[in-house]
Amino acid sequence: MKKVNIGIAGLGFGKEFLAIYKEHPNVGEIAICTRNPDTLKQVGDEFAIPQALRFQNYDDMAACKELDAIHIVTPIAEHTSQTLKALQAGKHTACTVPMATSLEDLRKIIAAKKASGKYYMMMETSLYTREYLYVKGLVDSGELGRIQYIKGDHMQNMSLDGWGDYWRGFPPFYYGTHVLAPILGLLDTRVEAVRCLGSGRVARDKAEKYGCKYAVETATFRMKDSDVVAEAHRCLFETIRQVRECFDVYGDKLSFEWEPTVDEGHTLFHGIDDYTKLHAPDSEALLPPEIRKFTRRQLINDPSQPSFIQGSGHGGSHPHLCHEFISAILEDREPAVDVYRSADITAAGICAQMSAFGDGEWVEVPDLRGEAL
């Protein structure tokens, strides 16, 4: 059985994916990379990573001829440069969200991907949660009917301990992929234009760091070849609420509303006063038996990670992301969240943030796929 040798850059959040790759039946050698020598030794010893495959320098790992692919799980500011280096080194590349924070960098990654002949995948958790997979099934089967309206929230307070300083004051829609990906996926289209308005204020130290003063941002999206207008809300600081990475979708046969608080239960509306409370079914059957257990929240390796505390395990998505990336490489095909789909999702957020900076002016979202043809 052919196997993929993969390197993981970043061992905070990245450690969770390391555990999955370690047990994936189609993964061979695994390399790890972090600047912290103590973390490198601790994680390397825990997962029995050979000394020759432990790196403190990312460039050294990218140059490692033994590796077929690299999975980047590092701070946002590193994503573009590390993605470009991996592709230019001839490695299939997966990267945590967002793909980039500028349209220029999205274009650079698309060009590098085309030049390399390798595959790129943005590891968007929200497209593999049990909730998204369940609702996507209702849409694809026709049970939900014609979508009339869809909206999403990613409400999160990152003022808690555990988040790096680079997050402080980060413009919300630069990190908008969790709320935008399900919207675009369920509508099967891309955004043509967006208008985004800011609400409230954050403290001066946050506002001055990136020049974003708003506590909450609300964006309205016009879609290509669709009569549906979508709406998304995003916040990162100084707004009190349990985290929500969610969407609601309203059809002419059924409607789905995400649970108000974690584990309360979602609502499926069959009629005006006819509804069912439910928990989305697990999606482990879609995975190889060896990694099915990782859809369960209790399998999180480091429950102190704020991403997991606030994200409730990301809906069991992690093993799906790993399996799709490895499968795409072995089957010699583009991954489901390929470079263009990743760019469409990310560009919609970038342009929403541009609109917020422009006091709510309409911003056209470029067709990056069309530009590359």
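The values are calculated or read from the model by the stated rules, or taken from the named source; none is laboratory data. All of these numbers come straight from a predicted model, not from anything done at the bench. FYI the Cβ positions are ideal-geometry reconstructions off the backbone, even for glycines, and counts take in every protein chain you see. Surface accessibility is based on the protein's heavy atoms, side chains included, excluding ligands, DNA and RNA. Shrake-Rupley method; radii C 1.70, N 1.55, O 1.52, S 1.80 Å.
For the stretch 138-254, report the accessible area per residue in Å² (1.4 Å probe, heavy atoms, rounded to an integer). Spelled out: the 1.4 Å probe surface of the stretch 138-254, per residue, equals 42 Å². Note: the stretch 171-287, Cα convex hull, 158 Å³ per residue. Note on the chain: GNM, Cα springs under 10 Å; of Arg35, Arg234, Arg296, the largest mean-square fluctuation is that of Arg35.
The overall shape of the stretch 109-195, judged from the alpha-carbon gyration tensor, is oblate: a/c is not under 1.5, and a/b is no greater than b/c. Which of the lysines could be linked to Lys114 by a straight reach, that is with a Cα gap under 30 Å, when you skip same-chain ones fewer than 8 residues away? Candidates past the 8-residue exclusion: Lys2, Lys3, Lys15, Lys22, Lys65, Lys85, Lys91, Lys136, Lys224. Placing a pseudo-label 7 Å from each Cα along the Cα-to-Cβ vector at Gln148 and Arg333 gives an inter-label distance of 3.6 nm. Under the criterion of Cα pairs below 8 Å and six or more residues apart, the relative contact order for the chain equals 20 percent. A Förster radius of 22 Å combined with the Cβ-Cβ distance from Asp59 to Thr39 puts the calculated FRET efficiency at roughly 0.75.
Solvent-free Debye calculation, one equal scatterer per alpha-carbon of the stretch 229-275: log10 I(q)/I(0) at 0.21 Å⁻¹ equals -0.84.
Heavy-atom accessible surface of Phe357, to the nearest 10 Å², is about 90 Å², with a 1.4 Å probe and all protein chains retained.
When the P(r) is computed for the chain, the part past 40 Å accounts for 10% of the Cα-Cα pairs. Could you please state how large a percent of the accessible area of the chain is carbon and sulfur, counting protein chains only and using a 1.4 Å probe? So the carbon and sulfur contribution to the accessible surface is 48 percent. For the chain, DSSP calls about 60 percent of its internal beta bridges antiparallel. Between helix 177-187 and the chain there is an angle of about 60 degrees, using the helix long axis and the longest principal axis of the Cα atoms.
Of the residues His318, His270, His279, ranked by 1.4 Å probe accessible area with the largest first, the sequence reads His279, His270, His318. Accessible-area rank, largest first, for Val97, Val229: Val229, Val97, with all protein chains present and a 1.4 angstrom probe. When the P(r) is computed for the stretch 22-61, the part past 10 Å accounts for 69% of the Cα-Cα pairs. Peptides 338-350, 142-154, ordered by how many other C-beta atoms sit within 10 Å of their residues on average, highest first, read 338-350, 142-154.
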